[in-house]
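Since the structure comes first, as structure tokens, the remarks are kept for the end.
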Amino acid sequence: MPIFFTLPITAADVAGYLREQQILIRWMERYPDATISLTHGFPWRALREGDGFALPEAIWEPFKNPKLHMEVSFPIRIGDWWEYPYRETWRAMDEMVNRIGGRRLLWGTDMPFQNRFCTYRQGRSYIEKYMSFLGADDIAAIMGGNVARLLDFPH
């Protein structure tokens, strides 16, 4: 059974988030057989830099554990900053796929809250239709295959 953690994601405290990640790393060392997922992704508001994000090298450290997954939910986190199809997030998503792997990313919406910024259909299509750098296998995994596998559901 996977365990879902939400790390504190305050508006401007990247250092605090990285300290929370160190606690998570110690927890994963204590329970090496646990499968884990981080809800809500990174603290996107604290990581904003211009029309994108500055992702510090340290933010990738917990993902050395191949049993750690992460939710992808840009619209709910930054939908008030940028318009659909969220082009400003594409570079970060590409880096997440390259550094974490498409088989460890889980699409999420936090419905109904996403509807403040985009429709459910847009919440899918910004990944499925517009992130052309993603292959079909990554899209299928991110958009449901990974969570089905984690929860042992037929997909």
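The values are calculated or read from the model by the stated rules, or taken from the named source; none is laboratory data. Just so it is clear, the structure is predicted and the values come from calculations on it, not from any experiment. Cβ atoms come from the backbone with ideal geometry, glycine included; neighbour counts cover every protein chain shown.
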Checklist (1) surrounded by 13 or more Cβ atoms within 10 Å (Cβ to Cβ); (2) modelled with pLDDT of 90 or more; (3) out of contact with any His (no Cβ under 8 Å at 6 or more places or on another chain) applied to LEU106, failing item: (3)
Matching residues in region 142-155 - criterion: being over 25 Å from GLU61 (Cα atoms) and crowded, with 16+ Cβ neighbours inside 10 Å: none
Unique match (being surrounded by 15 or more Cβ atoms within 10 Å (Cβ to Cβ), over 21 Å from PRO8 (Cβ atoms), touching a helix residue (DSSP H, G or I) at 6+ places or on another chain (Cβ under 6 Å) and among the hydrophobic types (A, V, I, L, M, F, W, C)) among ILE139, ILE78, ILE100, ILE127: ILE139
Some residue of region 96-110 being in contact (Cβ under 8 Å) with a residue 60 or more places away in the chain and either in contact with a Gly (Cβ under 8 Å, 6 or more places away or on another chain) or among the aliphatic types (A, V, I, L, M) (or both): yes
Search result, residues across region 106-115 that are over 19 Å from ALA141 (Cα atoms), in contact with a helix residue (DSSP H, G or I) (Cβ under 8 Å, 6 or more places away or on another chain) and either of a type in the set (Gly, Ala, Ser) or outside any loop (DSSP other than H, G, I, E, B) (or both): PHE113, GLN114
Where a residue in region 115-140 is over 13 Å from TYR86 (Cα atoms) and without any contact (Cβ under 8 Å) to a residue 12 or more places away in the chain and its partner, wherever it lies, is among the polar types (S, T, N, Q) and not in a helix (DSSP H, G or I), with Cβ under 9 Å and at least six apart: ASN115/THR109; TYR120/THR109
Subset of region 124-134 [within 17 Å of the chain's Cα centre (by Cα) and of a type in the set (Gly, Ala, Ser)]: SER125
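Okay, residues lined up against (1) of a type in the set (Ser, Thr, Tyr); (2) at pLDDT below 95:
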residue	(1), (2)
THR39	yes, yes
PRO43	no, yes
GLY52	no, no
LEU55	no, no
HIS69	no, no
TRP81	no, yes
PRO85	no, no
THR89	yes, no
ASN115	no, yes
Qualifying residues in region 27-52 (those that are closer than 20 Å to ALA92 by Cβ and of a type in the set (Asp, Glu)) - the one surrounded by the fewest Cβ atoms within 10 Å (Cβ to Cβ): GLU49
Some residue of region 15-32 being under 25 Å from ALA136 (Cβ atoms) and either out of contact with any strand residue (DSSP E or B) (no Cβ under 8 Å at 6 or more places or on another chain) or not polar (S, T, N, Q) (or both): no
From LEU24, LEU55, LEU18, residue being under 18 Å from the mean Cα position of the chain (by Cα), surrounded by fewer than 19 Cβ atoms within 10 Å (Cβ to Cβ), assigned to a loop (DSSP other than H, G, I, E, B) and hydrophobic (A, V, I, L, M, F, W, C): LEU55
